[in-house]
Amino acid sequence: MTKKILIAGAGYLGMAAARQFLSAGFSVHALTRDPRKADALRGSGIEPRVADLTQESSLPFFEGLDGVLISAAPDRGEVFDYREMYVRGIGNLLRKLDRKRPPLVLYTSSTSVYGPSQQGWLDETVVPEPGHEKGRVLLDAEKQVLDSGMGVIFRLSGLYGPGRNRLESRRAEAAGEPDRYLNLIHRDDAAAASLFLLERARPGEVYLGVDKEPVLRSSLLRWLENPAAFPSQEPADASARRCRAAGLTALGFEFRYPSFREGYGEILKTIQAKGAHAS
């Protein structure tokens, strides 16, 4: 029988995950607030449903689902918008899921639930201590997903990939801020890990989504300028904050882009190829 997946939030990560699910033979359904996007989703082989997570009355009752990926994001970044989407919206969706045949619900949270006082190596065993209100909202969202008895938490670090490489903004940040470690994951690895977890994880588990090598921002920028001349980075400060995907590794997930070298290396090749083609 074909497995049925619902994606709540068919954006940058959600669409990449949808392609992974379709390739794996899943029946993929997606929620969108934009009626104009429904046709595009349908054209990609995805069955759309126009609904707003923050409006419970717009959501149908979902039956026959094997998995749910929650990768929705608010339109604005204010605390109110965070709470509307991540607490109220996710709560609405959970109430619309069939508890007699419960699907596995994978919620893509964020490593920002860890506060500034939490330094050194962080993994799934570290209890989050958010240092700001948005982090506390995300932690509240995690709690209600776990309390549902259906949920798995996937805390993602800095997401990058095609169309979202932040090269120029990283250069601008470097000019005015102290150096720090970046915890990154390529979009396609995050999408592949979402499929992997929906097939193998169990309710109540928490995983970190981060590649195998946190990198100093200064090291990344120097590597981007000349990858061949700068193959490595400075030794790490033992107290520096770095995240580790211990759970994913233990479960057997294999990264296509285990570090910034593979991920940004492919992005650079694509940029160079476009430049050569344009000239």
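Nothing in this text is a laboratory measurement; each read-out follows from the coordinates by a stated rule. In this text, all values refer to a predicted model and were calculated from it rather than measured experimentally. We place every Cβ from the backbone using ideal geometry, glycine too, and count neighbours over all the protein chains shown.
In the chain, the DSSP beta bridges split such that about 10 percent are antiparallel, to the nearest 5. For the cross-link pairs 134/212; 4/100; 3/100; 4/37; 143/212; 37/143, which exceed 24 Å when the distance is taken from alpha carbon to alpha carbon? Where the Cα-Cα span goes over 24 Å, the pairs concerned are 134/212; 143/212; 37/143. When Rg/Rh (Cα atoms, Kirkwood Rh) is computed from the coordinates, the matching label among (1) 0.97; (2) 0.95; (3) 1.16 is (1). Among 270, 54, a tally of other beta-carbon atoms within 10 Å of each Cβ gives an order, fewest to most, of 270, 54. Model label points for residue 42 and residue 129, set 7 angstrom from Cα along the Cα-to-Cβ axis, are 5.3 nm apart. Think of it as helices only: each DSSP H run of n ≥ 4 in the chain is worth -39500 (n - 2.57), and spread over all residues that comes to -11000 deg cm²/dmol at 222 nm.
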